1. Please go through the range 53-88 and give me each residue that is assigned to a helix (DSSP H, G or I) and free of Cβ contacts under 8 Å to residues at least 12 places away in the same chain, ordered by number.
2. Tell me which residues, restricted to the range 54-92, are surrounded by 14 or more Cβ atoms within 10 Å (Cβ to Cβ), under 29 Å from residue 18 (Cβ atoms) and small (Gly, Ala, Ser).
3. Do the conditions hold for residue 120, that is, is it crowded, with 16+ Cβ neighbours inside 10 Å and not in a helix (DSSP H, G or I)?
4. Tell me which residues, restricted to the range 6-52, are basic (Lys, Arg) and either over 25 Å from residue 200 (Cα atoms) or outside any helix (DSSP H, G or I) (or both).
Amino acid sequence: MSQDEPSNVNVNDLQDLKDRMKLIVEADPKQYHNDFSLKRYLRAFKNVDSAFQAILKTNKWRDQYGVSTLGDSDAIKIHGNKARVLRHRDCIGRPVIYIPAKNHNSNDRDIDELTKFIVYCLEEACKKCFEEVVDSLCIVFDLSGFSTACMDYQLVKNLIWLLSKHYPERLGVCLIINAPGIFSTIWPVIRQWLDENTAKKVVFVDNEIDLCKHLIPDILPTDM
């Protein structure tokens, strides 16, 4: 099965999860998750009990983190050059988050504020999903102009944690473009933080012909 074809979930498991969520939502409508979201949690967490607990944890996190009001945060204005949700989509219709590595410096940032900005980008990208067709995202790391000073390990860890705990099965593909030779010494460190399913979604793109298999190069920003 390709990365573009998510595995099916057991119909009985889905109904069981819906029944459990119904009781929660009747008490608090803000807890609602649609069927697409429930399926993502079931695929990621494998069984109904784990998926249900993960959803409750995500809902609590979203409330405590203030996800719905992040758009009003100063972090959005300050970190606008760190990542961008693109206007155009990849070749199968996924929203694209573009991250230019050269604009990052782990010695010159507030990790909490930057993480808020990344959450905001994830939220904006998810809103652009046509879930009936495709409900996953394309994340592009552009390593042009990359140096070791740009390598923010903590931010990468935070992104991996967010995708695994609170945006499960949202990552469709992660494209790494323009990677310099030095990145080959960094990738093994990052790779060990990824589970097998996520690691399979990471694609190193070496040339424009291969990039065109995923997206039209002209959609990538030139002003960041």
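Read-outs: derived from the displayed coordinates by stated rules, not from any lab. Computed from a predicted structure; not experimentally measured. Here Cβ is always computed from backbone atoms with ideal geometry, including for glycine, and neighbour counts include all displayed protein chains.
1. 53, 60, 64, 68, 69, 72, 77
2. 54
3. Values: crowded, with 16+ Cβ neighbours inside 10 Å: yes; not in a helix (DSSP H, G or I): no.
In short, no.
4. Answer for the range 6-52, where residues must be basic (Lys, Arg) and either over 25 Å from residue 200 (Cα atoms) or outside any helix (DSSP H, G or I) (or both): 18, 20, 22, 30, 46.
Conditions tested, residue by residue: (1) under 19 Å from residue 64 (Cα atoms); (2) free of Cβ contacts under 8 Å to residues at least 60 places away in the same chain; (3) hydrophobic (A, V, I, L, M, F, W, C).
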| residue | (1), (2), (3) |
| --- | --- |
| 113 | yes, yes, no |
| 118 | yes, yes, yes |
| 131 | no, no, no |
| 142 | no, no, no |
| 146 | no, yes, yes |
| 150 | no, yes, yes |
| 157 | no, yes, no |
| 172 | no, no, no |
| 189 | no, yes, yes |
